Structure formats: structure tokens, C-alpha cells
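Visitor: After the C-alpha cells below, expect a handful of questions from me.
The values are calculated or read from the model by the stated rules, or taken from the named source; none is laboratory data. Predicted model only: the values in this text are computed from it and were never measured. Heads up, the Cβs are rebuilt from the backbone with ideal geometry, glycines too, and the neighbour counts pull from every protein chain shown. Each accessible area value is taken on the protein alone, full model and side chains, heavy atoms only, with ligands, DNA and RNA left out. Shrake-Rupley method; radii C 1.70, N 1.55, O 1.52, S 1.80 Å.
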Amino acid sequence: MDRSSFSHVETWVFDLDNTLYPPRMRLFDQIEQRMTTWVMRELGVDQAHANHLRGHYWQLYGTTLAGLMREHAIDPVGYLADVHDIDFSVLEADPQLARRIAALPGRRIVYTNGDAPYAQKVLAARGLAGLFDAVYGVEHAGYLPKPEAAAFETVFALDGLTPARAAMFEDDPRNLAVPHAMGLRTIHIAPQPEPAPHIHHHAADLSGFLALLTES
């Protein structure tokens, strides 16, 4: 990674789940279980069908929520409150990551397909509260999720960032295609790389990658 390729960046955009905490902490497993339970209860289907719908809607629409809204006209507020009622104690504070995020020049924001209250709880559990200039959830895009272009356009316009002077860290490679097209520098954070024309960099460890940017 050539550090100079980030010299123009003045806004750093971070996804939340499996990006600002590693997948090994398995927080999202709890959310998926609650999604399945919610679908079983509210749609009156068995567990196997609920699991199928959860995965199918995620693949087709970007999030399970987007599919439930599109196909079943569900209320997103109650759904998000329910599926995010989880145990955050599985997350560990990471002072080193906090220092490296704080060392980034310019503005730092979080943009997640979860909602902002949930994001704030994750940040607090990771010891990252207060490091970001703004936290945007799916509600800020009218519940339209990443990877929809209109979702990015809405949130980035709300933030006022200049795409050509921004970079985005994200675990789902689908969610980097639109930012790349808009002019952002894209960094895929995941255990394994998935090379694609819209991904500039890959890192298995976010903190280690930030060290390359912030430490001599």
C-alpha cells in the first residue's frame, strides 16, 4: 500500500459491523438469530423458511430489512429495535484502534446499514465513542440500504463530504462499488480478499492498515 495514495483524503468513512470490530467477535450472529425469530413471529413461518427469507432478502435487496419493507411493508423502527436488542459484552475495547482512528487527518464518520442508536452502542463497547464527527444509520437514507446508489448519495450529501476526497472502509465488497464509482478510495476489510475493479485495497486487519497510514 502506497501511503501517498491517501494524501488527498479529508473524510474517512467507516462501515460498522465486521469492520470496526472483527468477525471473530460474532456480534452479528446474535442479530441474525433475532432476525429469524422476528420473521417467524411476524410472518408466521417456520424457522427454515424464516432463515431462507433472511438470506434471500439480504442477497436481493442489500439487507433483510429492505426485503421485508419491500415485500411485506413492515415498520422498520420496531424491527430495528427488536433485532438490535442484543448482548454487546462480546465486544472488546481496542485502545490501539482508537488511537489510530484518532490520528487520521480530517473528518471521520460511520455509515452503517444498522441504525444510529445501535451504532453508538457498538462504538461505546469498542472504546471508540467520541472519535467520529457523525454517525449515519439506514434511517438517514430513508431506510434505503447500501449498496443502493441513492442511499450513498443521500448520506454523503447529508454529510457534505466530497467523494473525490474521501475513503471508505467496508467488509461487504458489494458496498464499495458505488463509492468507487463516485470517486472514493475503497478499502475492503475482511479475512480473505475478493479482488474486484472497484476495490483499491484489502486488509484483514483494520487497525494494522490504519497503522500504515498514521504511524511512521
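Visitor: Give me the number: length gained by fully extending K121 to A157, i.e. 0.36 nm times residue separation minus the C-alpha to C-alpha distance, one decimal in nm.
Guide: Details: separation 36, 0.36 × 36 = 12.96 nm, distance 2.49 nm.
Between K121 and A157, full extension yields 10.5 nm more.
Visitor: Tell me the per residue accessible area of segment 7-162 using a 1.4 Å probe; a whole number in Å² is fine. Working shown, then result.
Guide: On the way: 6960 Å² over 156 residues.
That works out to 45 Å² for each residue.
Visitor: Considering only A190, A66, A181, give the residue with the highest GNM mean-square fluctuation for the chain, with springs between Cα atoms whenever their separation is below 10 Å.
Guide: Among A190, A66, A181, the largest mean-square fluctuation in the Gaussian network model of the chain belongs to A181.
Visitor: Under a point spin-label approximation (7 Å from Cα along Cα-to-Cβ), what is the L43-D205 distance to one decimal in nm?
Guide: Once both label points are built, they end up 4.0 nm from each other.
Visitor: What is the calculated FRET efficiency for A181 to A73, with r their C-beta to C-beta distance and R₀ = 25 Å, to the nearest 0.05?
Guide: Values: r = 31 Å, r/R0 = 1.23.
Efficiency, from the Cβ-Cβ distance: 0.20.
Visitor: Below 13 angstrom from the Cβ of L184, what's the summed charge of the other residues (Lys, Arg +1; Asp, Glu -1)? It would help to have the intermediate numbers written out before the result.
Guide: Details: positive: K146, R165, R185; negative: E10, D15, E153, D159, E170.
Value of the local net charge: -2.
Visitor: Now, a different point. What 222 nm value per residue comes from the helices of the chain, counting each DSSP H run with n ≥ 4 as -39,500 (n - 2.57) and dividing by all residues, nearest 500 deg cm²/dmol? List each step's numbers first, then the result.
Guide: Numbers: 9 runs with 93 residues, N = 216.
Here the helix-only value at 222 nm equals -13000 deg cm²/dmol.
Visitor: With unit charges on the beta carbon (Lys/Arg positive, Asp/Glu negative), name the residue among I199, L210, Q59 whose Cα is farthest towards the positive pole of the charge dipole of the chain.
Guide: Sorting the options by dipole projection puts first L210.
Visitor: By how many nm would the segment from I86 to R165 lengthen if fully extended, with 0.36 nm per residue of separation less the alpha-carbon distance? List each step's numbers first, then the result.
Guide: Details: separation 79, 0.36 × 79 = 28.44 nm, distance 3.59 nm.
Gain on extension, I86 to R165, equals 24.9 nm.
Visitor: In whole percent, how big is the carbon plus sulfur part of the accessible area of the chain, probe 1.4 Å, protein atoms only? It would help to have the intermediate numbers written out before the result.
Guide: Details: 4960 of 9660 Å².
Looking at the chain in its full context, I get 51 percent from C and S.
Visitor: Could I have the simple spin-label model distance between Q96 and H8, label points 7 Å from Cα toward Cβ, reported in nm to one decimal?
Guide: Simple spin-label model gives 3.2 nm for this pair.
Visitor: By how many degrees, 0 to 90 and rounded to 10, does the Cα axis of helix 149-159 deviate from the longest principal axis of the chain?
Guide: Compared with the principal axis, the helix lies near 60 degrees.
Visitor: Now for a separate question. If you average 1/r over every pair of different alpha-carbon atoms in segment 109-216 and take one over that average, what Kirkwood value in Å do you get?
Guide: Numbers: mean 1/r = 0.0690 Å⁻¹.
Roughly 14.5 Å, rounded to one decimal.
Visitor: Under the rule of at least 5 residues apart or a separate chain, name every residue whose amide H is placed under 5 Å from the amide H of M168.
Guide: Distant-sequence amide H within range of M168: V13, R185, T186, I187.
Visitor: Test of understanding: what is the full-extension gain from S216 to H198, defined as 0.36 nm times their sequence separation minus their Cα-Cα distance? Write out the running numbers ahead of the final one.
Guide: Working: separation 18, 0.36 × 18 = 6.48 nm, distance 2.82 nm.
Gain on extension, S216 to H198, equals 3.7 nm.
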